[in-house]
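The values are calculated or read from the model by the stated rules, or taken from the named source; none is laboratory data. These figures come from a predicted structure and were not determined experimentally. Cβ atoms come from the backbone with ideal geometry, glycine included; neighbour counts cover every protein chain shown.
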Amino acid sequence: MARARVLSGVQPTGALHLGNWLGAIRNWVDLQESHDTFFCVVDLHAITVPHRPEQLADDTLTTAALYLACGIDPARSTVFVQSQVPAHCELAWLLNCVTPLNWLERMIQFKEKAVKQGDQVSVGLLDYPVLMAADILLYDADRVPVGEDQKQHLELARDIAQQRINARFASRDAAGEPVPILKVPEPLILPEGARVMSLTDGSSKMSKSDPHEVPGSACWIPRS
Ligand code: ATP
Ligand code: LTN
């Protein structure tokens, strides 16, 4: 019998932290035993925030290396870089054309990151969850292991698949039953470690791209 399929990804926005391990990657390692697993380095998501291209290229390879160091086994899992598979962007465009703008404007992560970017907010930052939906729906993933902060994005991916594609475009089989086009994925969020808080500000989650978070990193700024 075919095994259920898992897909997940991390942005190459800096050094991985305990939150990434406890909230997501430790679960990925275990899921290799029982699922067909696909783990992506989502570099196209990382360009929705300010970045340096040379640093991004380095961080993409470092993130892939850290997957392996954490226990992702390339003999059992497919490890790949998002930008190397053009179908992610192609499907994102098709999904863009059926996704209501106000679904994206409601996303908490968009609102939080948009505040930090002021008048530099790009359409890409707003559209980030549609690209994430494409990453998942492209592979017919059954389950998506992520931390708590991604729950709302997962719900959006489910709504796009169910309400905006399957409900509108599904054909019918001989018995008149709808034949879904896209698989509707389930989030997999562990009960412990799903939201590890920042060590320097207990009111916000630990985050790679927070310049206060990673002492010793090139972009570390002590919190005043
Ligand atoms: P960025 O700061 O660039 O947004 P991030 O540190 O939030 O990055 P992501 O690449 O967005 O990390 O997330 C990778 C995975 O780690 C996701 O499944 C996410 O839910 C999980 N994750 C991120 N931060 C935490 C955290 N503080 N606690 C638990 N899980 C987390
Ligand atoms: N938005 C996610 C990263 C991500 C992802 C995905 C996670 C992009 N595409 C597909 C799971 C499945 C985040 O962790 N910030």
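Miscellaneous remarks
- Among the conditions (1) β-branched (Val, Ile, Thr); (2) within 15 Å of ligand 2 (Cβ to nearest atom); (3) surrounded by fewer than 20 Cβ atoms within 10 Å (Cβ to Cβ), Ile160 misses just one, which is (3).
- Any hit, region 45-55, residues being surrounded by 17 or more Cβ atoms within 10 Å (Cβ to Cβ), in a helix (DSSP H, G or I), near ligand 1 (Cβ under 9 Å from one of its atoms) and touching a residue at least 24 places away in the same chain (Cβ under 8 Å): yes
- No other residue among Asp127, Asp140 is more than 23 Å from Asp36 (Cα to Cα) and acidic (Asp, Glu) apart from Asp127.
- Check on Thr78, at pLDDT 95 or above, polar (S, T, N, Q) and crowded, with 17+ Cβ neighbours inside 10 Å: no
- Residue within region 190-207 that is within 12 Å of ligand 1 (Cβ to nearest atom), touching a residue at least 24 places away in the same chain (Cβ under 8 Å), among the polar types (S, T, N, Q) and in a loop (DSSP other than H, G, I, E, B) present: yes
- Pick from region 35-44, criterion in contact with a Lys or Arg (Cβ under 9 Å, 6 or more places away or on another chain) and either within 10 Å of ligand 2 (Cβ to nearest atom) or assigned to a loop (DSSP other than H, G, I, E, B) (or both), ranking: farthest from Ala87 (Cα to Cα): His35
- Subset tally (residues that are surrounded by fewer than 21 Cβ atoms within 10 Å (Cβ to Cβ), of a type in the set (Gly, Ala, Ser) and over 16 Å from Ala141 (Cα atoms)) for region 3-34: 1
- Pairs meeting the criteria (first residue in region 144-155 and among the β-branched types (Val, Ile, Thr), second residue assigned to a helix (DSSP H, G or I) and more than 6 Å from ligand 1 (Cβ to nearest atom), beta carbons under 9 Å, at least 6 apart or on different chains) are Val144/Ile136; Val144/Leu154; Val144/Ala157; Val146/Asn27; Val146/His153; Val146/Leu154.
- Count - residues of region 4-34 that are modelled with pLDDT of 95 or more, touching a Ser or Thr at 6+ places or on another chain (Cβ under 7 Å) and more than 12 Å from ligand 2 (Cβ to nearest atom): 2
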